[in-house]
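Following: one structure in structure tokens, then a few remarks.
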């Protein structure tokens, strides 16, 4: 007898990418899909919460600063309050962290703890490193 579960490919990791810049959304969609991730996207916090509830992603990649007072940190904290996503890896992307007073380099653990995130990358994120970080964080959570 053969075991179908042994021959089936593992389910791809589903990542929700949230960014108000359509160019960054497209870049992340293409690059993460090329690495084997399944990618859903959103451009606002409200849309992200709707997509997350519908798609049930395994992990999140969030733009730290979006227009219209949207913030990846605010979204990250909202996701952590939702029991479905409380343990999901959350990675923040930023291009203006230092100008806003977020001292990632000096106090990364403190800043990430306050934002309820697991890691951060400057934009544009090196895609191979971003994918590796997502996989590593998911492995740590499943161990």
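Condition (residue is more than 24 Å from residue 37 (Cα to Cα), in contact with a strand residue (DSSP E or B) (Cβ under 6 Å, 6 or more places away or on another chain) and at pLDDT below 90) applied to the stretch 100-109: is it met by at least one residue? Yes, the stretch 100-109 has at least one match.
Considering the stretch 1-99, the qualifying helices (runs of 4 or more DSSP H), each wholly inside and each with 2 or more residues that are modelled with pLDDT under 85, run over 4-7, 72-81. Checking each residue in the stretch 27-37 for being surrounded by 15 or more Cβ atoms within 10 Å (Cβ to Cβ) and within 15 Å of residue 134 (Cβ to Cβ) picks out 28, 29, 31, 32, 35, 37.
The values are calculated or read from the model by the stated rules, or taken from the named source; none is laboratory data. Predicted model, so just to flag it, every value in this text is computed and none were measured. Quick reminder, even Gly has a Cβ in these numbers, built from the backbone with ideal geometry, and neighbours come from all protein chains shown.
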